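First the structure, in the form of structure tokens, and then the observations on it.
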Amino acid sequence: MAAIQPAAVARTGAAVLPLKEPDADGHEVHLLRRETVAAGTVAFHFTRPPGYAYRAGQSALLTLVDPPETDAEGDTREFTIASAPHEAELMFAMRSRNTAFKRVLEAAAPGTTLRLGEADGDLVLHEDGARPAVFIAGGIGITPFLAMARQAAHDALPHALYLFYANHTPAEAAFLPELRALQRANPRLRLIATVTEPERSAAPWPGERGPIGPELLQRHIAALSEPVYYLAGPPAMTLAMLDMLEDLGVDPGAIQSDEFDGY
């Protein structure tokens, strides 16, 4: 598997690279509902166009149609599809931020029409079920791994999956209850959630503490050279994980990386 260099892909559940031109002939989708999934994080559920195909972990351009306001960042974002391919709806999740795109979407009524581009991206699970996968997520970088975990449970895939998930506080950990439920449902999935500022939590935190580092990986993975690694999170965190894995002797060709940044 060819490694993706750190600057090659960037999203937030949305992308910060220069975006591809919106597809004027893209699919029409309609907002069904939205829900808060963590402090400062909202998930949006849309209709799925007939025949719309994608692989868990891929992303697509989402474009506002005739929005009431816009700004210099434009009306299009690239979001990871956080729902799984077997599901009837499409779901995207994003951190709240004071941009025209997010203000319009967060105020949109059910039924609002948007345009959706074709799915693409290489951050997808490898086919060799005998080789473990290690997912390393920071913050909203959880979205591709949520889709993969949902699909793996649905398909009863044989892969051993290790999901390392870091947040500042438990309240900021999007989809954490669902990820715990997926771990209970799939004996091949192991969730290792950690928080870096547990003292800010209103409730006691029983899990791991501190950033994801070599000692944490070594405690949970017997042979660090065996898995394929998938990284998604803020650029600084992703770059640090790339350097850490290479220092640990992981083949760069066994690392897929996706940088998420905020709008």
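What follows draws every value from the coordinates through simple rules; no lab data is involved. Quick caveat: nothing in here was measured; it's all calculated off a predicted structure. Note that each Cβ is placed from the backbone with ideal geometry, even for glycine, and that neighbours are counted across all protein chains shown.
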For the range 10-116, just the Cα atoms, rotate onto the principal axes and tell me the three extents in Å, largest first.
34, 32, 28
For percent of Cα pairs over 23 Å apart, which listed value, (i) 49; (ii) 72; (iii) 56, comes from the coordinates shown?
(i)
Would you please give the FRET efficiency between Glu197 and Ser96, computed as 1/(1 + (r/R0)^6) with r the Cβ-Cβ distance and R0 = 22 Å, to the nearest 0.05?
0.70
May I ask for the angle, rounded to the nearest 10°, between helix 143-155 and the longest principal axis of the chain, with both axes built from Cα atoms and the value confined to 0 to 90°?
80 degrees
Between Ala156 and Glu69, what is the label-point separation in nm under the 7 Å Cα-to-beta-carbon projection?
5.2 nm
Summing +1 for each Lys or Arg and -1 for each Asp or Glu, what net charge is found among the other residues whose Cβ lies under 15 Å from the Cβ of Glu197?
-1
